[in-house]
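Structure record follows, encoded as structure tokens.
The values are calculated or read from the model by the stated rules, or taken from the named source; none is laboratory data. Worth saying up front: this structure is predicted, and the values here are computed from it rather than measured. Cβ placement follows ideal geometry from the backbone for every residue including glycine, while neighbour counts extend to all protein chains displayed. What goes into the accessible areas is simple: the full protein's heavy atoms, side chains included, and nothing from ligands, DNA or RNA. Shrake-Rupley method; radii C 1.70, N 1.55, O 1.52, S 1.80 Å.
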Amino acid sequence: MSNCVKGTLLYILLLFFNLTALCQEGRITIASGQYTLLEALEIAKSQGIPLAYSSDLLPKSQCVFNKSEYSANAFLDVIMDQTGINIQKTQNLIVISYLPSTVKFFTIRGSIRDKASGEVLIGASINKMNTTQGVVTNNYGFYSLSLAPGSHIVNVNYLGYKPIIDTIDLSSTNQQREYRLEPIIEQLQEVVVSAYEPDINITSLVPGTNTINLNSKGQIPYFLGEVDVLQGATLLPGINTLGEDANGLSIRGGNVDQNLILLDEATVYNPNHLYGLISIFNPEAVNKIEVMKGFIPPSYGGRASSVITVHQKEGDYDSYHLTGGIGIVSAKLIAEGPIKREKSSFIISGRQSLFNISQDENSTNNFQDVNMKVNWKYNPKNTFYYSGYFGNDRSTNTFETVRNWGNQNHSFRWNHHFSPRVFSNFSAILSQYTYRIIQPREAASFIGQSKIIDYTLKSDWSFVINDNHEVNFGGSSVFHRLKPGERIPFDENSSSDTLLLDQEYGLESALYISHEAQLFSKFKVLYGLRASSLRNLGAGTVYTYSQNRPMTDESILDTTYYDRMETIKYYPRLEPRASLVYKWNNQFSTKLSYSRVYQYLHLISNTITPAPTDIWKLSDSFIKPTESNHYSLGLFFNLKNNQYEAYVDGYYKSMNHLVEYKNGADLLFNENPETELLNGFGRNYGVEFFLKKNEGKLTGWLSYTLSRSEVKISDRFSSVNSGAYFPSNFDRKHDLSAVAIYDILPRLSGSLSFNYNSGRPFTLPLGRYIYEGNLIPHFGNRNQNRLPDYHRLDLSLKWQSKSIKKDGSKRIIDDYWTFVVYNVYSRDNVYSYFYQENDGETTVLPYSIFDSILPAVTYHFKL
């Protein structure tokens, strides 16, 4: 053999052994965790692996390494499996390439449900094992996950349920998989504040969101034992009310009308029974509630402070159940089951108040409500829903005055899968709120009423481009019909005049688009734009006022009449939104968000606490849409594999064109409300702290909010407090809540809740004077005084009956008792002050809703 041939063979052998050593015997050390493809290749290159690649042509993919040391071959196999790159050995180099056009991805889609009831699980996760590839179910329980061809192992998981490990072969086609998760412990439905799925509190792109789930091993104390989702919400950071017996929620210092409350997508205008003591949401009929008080996704709009979404249960697709309960406040009964097994289901619930909740024995307060829902899975691509709610309150007093108010909602929805990656929802919705008062005793006896009706059409679309990119878009149109008020004589003997205020009509429309993207292994972004508008429509009358005088009846210069459906005023607006998440590691992330929102509907009130009598009004020629700009920055923690979770979230919210009232304003049945209203500016800012323990015999949470809510009212002719910023009605500097739930015995649990917050502002009169024989109080600057601080402790015990008979068989009925002590140490919290005249002297007296301990017992069952 010639020397030349020998040299060539020797070179080939050396090259072969060199590459073999590199790719088989060489070791790569790496800290376990998640890396971008480029980061992983740079690490291998820095440790002597001869790699050649173009970073511009590499996919934006992530790799997860579960060990700290790999052989070169094993390291490259992990990368290839998770990213789809190609590896080719040539001479003394390993060439990395990527041809996306040759890689065909397949999609697995379907729904994730409760195994026992068939209820969809909103926010359940499905992930490819040992990777970051995964998605969560949407508000209808559907998911869509794209994976490379081949066999994959996926993990299906939801908090409080046993996970499912499944192997899927995606070698040739897309697949549909329906998953049924089994609860770890089967319990009756109760309200508890819950985290998202593990790690979602770290990775979610919607910061400032609290989820109220209905599956718990313990129950927190509620007023008279009446389980109530909104009462639970007030124990969370940034959410409170003006006190007991106060309508609505104040979220991050906003007014009660600044919350968009949706019950299966239908707007709820008054979420309370009994003047605010409990909410209209029957917990036995509710699946899940989300309170979005920070970032608001582009798919929502129309309110300046928050979005509260309430999802009703769908009903069991497999078997029939009867659930009920009775307590001091109400009795309830819920029936659910299949219409056609696996295809359609129903649920209907009714609730009726039992006893009069009033401190005045001559007054009565009662309520009733009905929830219902019907679902039909026409085929794997099409599902139809109908949801309905009917609620009513009735109140009477010593003077035989009767007040009725209530909500009525109907939602028709159609879910359709156009393809494995394209999901759509179409909705037709009717929302109605009505108030009626009958005053028969006075000389000017009358019947008065007001009403608001919304007719809504909307469509929402989701397009899953791949696991790292999802686009959502859609639009909606809401036709508002407002009857601000009418007053007619009670009978022919009444001296009252007939008064009919002009009806208002408006078309509120919106188009939106958003993009959610995983840009790098640690960085996620959601950004989008919502284009909204309000078209104020006739018929109507608009007055022209003098520019040189305040707006009063005396300064009217001209009158313009508009025909029916003629445009009176048009407000087009753009609402940019963006949210960023940087995940430092699996236990810590930083979130930054910005939202601009416009509100076109306003609650007109000059009372400290909103009442059912307050009316809603559209933005018009004089009342501009309220503009809210919300900024937030927070640190979010997930400790010990989600045994603990915590966050610190700071926010600043500026608001323009707030609707405020003049001092001494008369808004009841006012034909020209613009003459009593002023344009205001607001600023709300604060820091929220939250710590929650999710596992163990002792669970619970601690929340604290340090905040301010301020208003400034000033124009050319009128101002409040000399045009300086002053505390709003909802300003509470300190708000502290603590909740603890403890498993005393296997079937006995106890809980407590403690709430403390600073007293709310109020205006104290500085003096009085006599005018035309009437005593008139003289008030100073608005909201410069404060009520005493509020605090209260509540306790609860829950006793679960035995589920197994003595002979070892399972009992047909599953039931439990709860014992609640409300206001344990009889704190006399001041709700307001009233003034009493005695012998020409004015005495200021405190008024409290509850000034003593209130025990209660309730019973719940399920068949």
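Among the conditions (1) exposed (fewer than 11 other Cβ atoms within 10 Å of the Cβ); (2) modelled with pLDDT of 85 or more, the only one that TYR847 does not satisfy is (2). Taking the criterion of being closer than 25 Å to ASN127 by Cα, open to solvent by 20 Å² or more (accessible area, probe 1.4 Å) and not in a loop (DSSP other than H, G, I, E, B), the residues of region 37-61 that qualify are LEU38, GLU39.
Do the conditions hold for ILE165, that is, is it touching a residue at least 24 places away in the same chain (Cβ under 8 Å) and open to solvent by less than 20 Å² (accessible area, probe 1.4 Å)? Break it down stepwise before answering.
On the way: touching a residue at least 24 places away in the same chain (Cβ under 8 Å): yes; open to solvent by less than 20 Å² (accessible area, probe 1.4 Å): no.
In short, no.
Could you grab me the full set of residues in region 519-564 that are over 30 Å from GLY301 (Cα atoms), among the β-branched types (Val, Ile, Thr) and in contact with a Leu (Cβ under 8 Å, 6 or more places away or on another chain)? THR544 - this is the single residue of region 519-564 that is over 30 Å from GLY301 (Cα atoms), among the β-branched types (Val, Ile, Thr) and in contact with a Leu (Cβ under 8 Å, 6 or more places away or on another chain).
Given the residues SER171, SER144, SER194, which is the only one that is modelled with pLDDT of 80 or more and out of contact with any Asp or Glu (no Cβ under 8 Å at 6 or more places or on another chain)? Answer to the check: SER144. For region 381-400, a residue qualifies if it is at pLDDT below 85 and either touching a strand residue (DSSP E or B) at 6+ places or on another chain (Cβ under 9 Å) or buried (at least 20 other Cβ atoms within 10 Å of the Cβ) (or both), and the qualifying residues are ASN397, PHE399, GLU400.
State whether the residues of region 450-464 include one that is open to solvent by 40 Å² or more (accessible area, probe 1.4 Å) and among the polar types (S, T, N, Q). Write out each step before concluding.
Residues of region 450-464 that are open to solvent by 40 Å² or more (accessible area, probe 1.4 Å), as a first pass: 451, 455, 457-458, 461, 463.
Now restrict to residues that are among the polar types (S, T, N, Q): none.
Within region 450-464 (the criterion being open to solvent by 40 Å² or more (accessible area, probe 1.4 Å) and among the polar types (S, T, N, Q)), the answer is no, since none of the residues qualifies.
Among the residues of region 690-713, those that are open to solvent by less than 60 Å² (accessible area, probe 1.4 Å) and of a type outside the set (Val, Ile, Thr) comprise PHE690, LYS692, LYS693, ASN694, GLY696, GLY700, TRP701, SER703, SER707, SER709, GLU710. Screening PHE690 with (1) at pLDDT 90 or above; (2) more than 21 Å from the chain's Cα centre (by Cα); (3) of a type in the set (A, V, I, L, M, F, W, C) gives one miss only, at (2).
Could you pull out every one of the strands (runs of 3 or more DSSP E) wholly within region 467-555 that has 3 or more residues that are acidic (Asp, Glu)? Walk me through how you get there before you give the answer.
Details: elements: 469-489, 504-520, 523-537, 540-545.
Result: 504-520.
Scanning region 710-745 for residues being in a loop (DSSP other than H, G, I, E, B), touching a residue at least 24 places away in the same chain (Cβ under 8 Å) and more than 23 Å from VAL830 (Cβ to Cβ) gives a total of 5. Filtered by the rule that a residue be within 22 Å of TRP616 (Cβ to Cβ) and either buried (at least 18 other Cβ atoms within 10 Å of the Cβ) or hydrophobic (A, V, I, L, M, F, W, C) (or both), region 487-508 gives ARG487, ILE488, LEU499, LEU500, LEU501, GLU504, TYR505, GLY506, LEU507, GLU508.
Please specify each residue of region 276-290 satisfying the condition of being in a helix (DSSP H, G or I) and touching a Lys or Arg at 6+ places or on another chain (Cβ under 8 Å). Walk me through it before giving the result.
Step one: filter region 276-290 for residues in a helix (DSSP H, G or I), giving 276, 283-285.
GLU284, ALA285 - these are the residues of region 276-290 that are in a helix (DSSP H, G or I) and touching a Lys or Arg at 6+ places or on another chain (Cβ under 8 Å).
On the basis of being in contact with a strand residue (DSSP E or B) (Cβ under 8 Å, 6 or more places away or on another chain) and surrounded by fewer than 20 Cβ atoms within 10 Å (Cβ to Cβ), does LYS115 make the cut? Yes.
The selection criterion, being buried (at least 16 other Cβ atoms within 10 Å of the Cβ) and out of contact with any strand residue (DSSP E or B) (no Cβ under 7 Å at 6 or more places or on another chain), holds for THR675.
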